[in-house]
Every structure is written in structure tokens, then in C-alpha cells.
There are 2 protein chains.
Amino acid sequence: MSEARTRIVATADELYNARGIQAVGMDELRAAAGVSLKKLYQEFPSKSSIVMAVLERRHRSWAEGLEAAVRQVAEPRERLLAIFDYLARWFGEDSFRGCGFINSFAELGAVSPEVAQYAREHKVSFQEYVGTLASRAGAPAYLAPQLSILAEGAQTTAAIAGTAEAAQQARSAAEVLIDAALGARASRAA
Amino acid sequence: MSEARTRIVATADELYNARGIQAVGMDELRAAAGVSLKKLYQEFPSKSSIVMAVLERRHRSWAEGLEAAVRQVAEPRERLLAIFDYLARWFGEDSFRGCGFINSFAELGAVSPEVAQYAREHKVSFQEYVGTLASRAGAPAYLAPQLSILAEGAQTTAAIAGTAEAAQQARSAAEVLIDAALGARASRAA
DNA sequence: GAGAGGGGAGAACGATCGTTCTCACAACGC
DNA sequence: GCGTTGTGAGAACGATCGTTCTCCCCTCTC
């Protein structure tokens, strides 16, 4: 990938996140990325292809950051909770304006099947990741969707409220759900 | 409120929900509502005033539907769970495309302070309502934000996944959280 | 019946958007 | 040195949007 290409996608990511996809025109992106309009259309055939590239970048960045945060702790139960510590750090960033996939789905999902599909795939991949962490912790299958829903809710709550406290609230709820699920498994085994 | 005015807002609500606010132009709204463009601008000074009227309508409709669902059961604990039964019915509707406030916030929140503010107020009012239900059930204060986050997460998960199952998953998580919170209160009192 | 007023249909306007085209200039091979 | 190629700057194009204006007809009043 050319250096111009990565700079375009990184700049588009920032601008789209800060102000919304439809609110940022190609000329503004061109100026912010420091590239000519010709170069822009030489790297990408259309705006929607830039949007898809931004979504892929967001997915990679989210997955890498999450997995790095999870790997920092060893205990399977703590690994599930590390998801919410990761959220807390994210919510605290100045640039945080909600989950980029929820936002792009809300903005374009009804009009762009590609965007809707990619948002769906991203969320499925997150749920599957939570599922593997949960099963390694010995939890029953129903725990993963519960924790995923908590994480989703924390993201939208933090975005709209403009505060980061939803991460801690979701984390303490997750503790209760995890211990209940592990306890149910343990008492059933006994 | 004139009959034309209510029809305009109701039509705008449907169209904005189905395809997004920015994707629906004034002329399409005019045609769907069966009014003249002159009438439209005689009832509302601008598109953004229609958007605000739609948000108010959504807020009323949501609050009335939720309170009606809650009143159908008597037990305080069951009333908290009735929130998620209400969500389940909502998610099952063909027209469901996610929470209109989350969507409008994602689409316009960064560019329209009014929309951002109204979305915030709507979510605060929901959390307060959950708070009164929770306190009547004798639950500690931390339960309400936890249940609110679950409800938010169920809405976005159901919207993006396109299925209604998130409501049941959130409901069973809510049961665990409620019983844990009530049990903590009870055991502390004992 | 004549005139006035109001509302409907839709043209028009100015702005903005995504995309393409023009043109001038700089770097390179021969 | 000269033509070729490719790039940057930005004008231009066509579409669409929110909003306003024009024109015409219908309906009242006297």
C-alpha cells in the first residue's frame, strides 16, 4: 500500500469519526491529507471505496487493540473483564465519538448494503472473540452474547452521554454475569 | 397542532427511520405526506425543525409505549424485566431499524448541537425512568445504569444483526443483575 | 361578474457534492 | 535541446439539496 494511500485512509478515518461521513467532502479530505484530487481518485475509484477502506482500518485497529489489552492479563475471567478496561481507555480519548461501525451503520446502513454488511461482520467477529474468551473461562455459551450486549451498550451510552463512566458500570455488571455463569456451571458439575 | 402538521411529522418519522435523515429530501417528504411544498414551509421553517419535531414524537411514542408495557405487570421486579419484553416486541417489527436517537445522533450529532442535546436528554430520561423502577423494587442505585446499558446494547445489536434475539439475551442478563442486586441488598439487611 | 386572496404545482436559485477535465509545469530519455 | 509523460492545482460538470419565487386556478366577497 502506497504511503499516500495510508495517509488518505488515516485522515479520512479521523475526519469521518469527528464529523460524520456525509459531512466530509472529497475536497476537504484532499486538503487534510495533503494530496491532489487526481492522486485521490488514482488511489480510490470513489468515496464509497474510501469508506470501506476506513472501515477495514477501524476493524483492524479495534481488533489489535482489544487483543493486546486482553493478552496483558492471564486469568481467563480477568481476560473477559479486560474488554471493559479497554473500553474505558477508549472512551477517555478526546477523539472518542462512539463506535465507528454503529455510526456508519446509522448513517449509511440503509442506503449502502456494503456498509451494513461490513458493520454486521465486525460485530459478529467481536461476538465470536468474546465467545472464545468465555469458553476458555469455562463459561456456558449464553454468557458471550450477554457480555457483547453490555459492551455495545457501554459504547453508545458513553458516546451520547459524553462521559466514560459507562465502561465501569458495564464492567461491574459483567463481573456479576461472569460469576453467575461460572457459578451455575460449577454448581451443575457438583 | 394542525392535521397537516401531524401528518408531516409522522411521514418524516417513517422515512427518516427507514432510510436516514440526510437521505430523505424535502421534496420526497412533501410527496409522501401529500402536501405542497408551500404548506410544508408554512408549517415548519426548515428541515432541522422537522427533525426536532420527529425526535419529540419519537420520544413521546417511546415513553408512552414503554410505560404502558411496564404498567401491565404489577411486581416491581417484573416491571424491570418488562422493559426487555417491550424491546423484544419492538425489534420484531418490520420497520425496526435501531434506536432513532442513536441513529440521529450518529448522523447529525457532530454537526447539530440541538440533535446531540435532544438525544442526550432522551437517554437521561430513560435512565431516570429505569432508576425509579429500580428503586421501587428496592434495588441499589447502581442497578439502573447497568440495566440501561443492557437495553442500549440490545438495541444496537438487534439493529445491526437484523434479528430480535438480543432482547431475550439482554433480558436474561437483566434477571441475573436484578437478582444479584436485590440479593446484595437483602443479605446486607440481614 | 369583478376583484382579491390563498393555496397548489413546480420552476428557479444558490450552495454543495462527487467526479472529471483542462492546462501548465516539472522530470526524464534521447 | 526537445518531445513525452505524469503530476498538481483547480476549473468545470452534472446532480441533488434546502429554500424561495412565480404563476395559475379556485374560492370567497361585494
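The values are calculated or read from the model by the stated rules, or taken from the named source; none is laboratory data. This one's a predicted model, so the numbers in the text were calculated from it and none came from an experiment. Note that we place each Cβ from the backbone using ideal geometry, even for glycine, and neighbour counts take in every protein chain shown. Accessible surface areas use protein heavy atoms only, side chains included; no ligands, DNA or RNA. Shrake-Rupley method; radii C 1.70, N 1.55, O 1.52, S 1.80 Å.
For this structure, a couple of remarks:
- When restricted to residues that are outside any loop (DSSP other than H, G, I, E, B), farther than 27 Å from residue A:21 by Cα and among the β-branched types (Val, Ile, Thr), the stretch B:1-57 contains 2.
- Matching option when the condition is farther than 23 Å from residue A:90 by Cβ and not small (Gly, Ala, Ser), among A:56, A:28: A:28
- Scan of the stretch A:14-41 for residues that are more than 8 Å from DNA strand C (Cβ to nearest atom), within 14 Å of chain B (Cβ to nearest Cβ) and of a type in the set (Gly, Ala, Ser), ordered by number: A:18, A:20
- Qualifying residue in the stretch B:113-126 (condition: open to solvent by less than 10 Å² (accessible area, probe 1.4 Å), at pLDDT 95 or above, at the interface with chain A (Cβ under 7 Å from one of its Cβ atoms) and under 30 Å from residue A:118 (Cα atoms)): yes
- Selection status of residue A:84, farther than 16 Å from residue A:51 by Cβ, of a type in the set (A, V, I, L, M, F, W, C), under 15 Å from the mean Cα position of the chain (by Cα) and open to solvent by less than 70 Å² (accessible area, probe 1.4 Å): yes
- Residue, farthest from the other protein chains (Cβ to nearest Cβ), within the stretch B:42-89, restricted to residues that are among the basic types (Lys, Arg) and more than 16 Å from DNA strand C (Cβ to nearest atom): B:71
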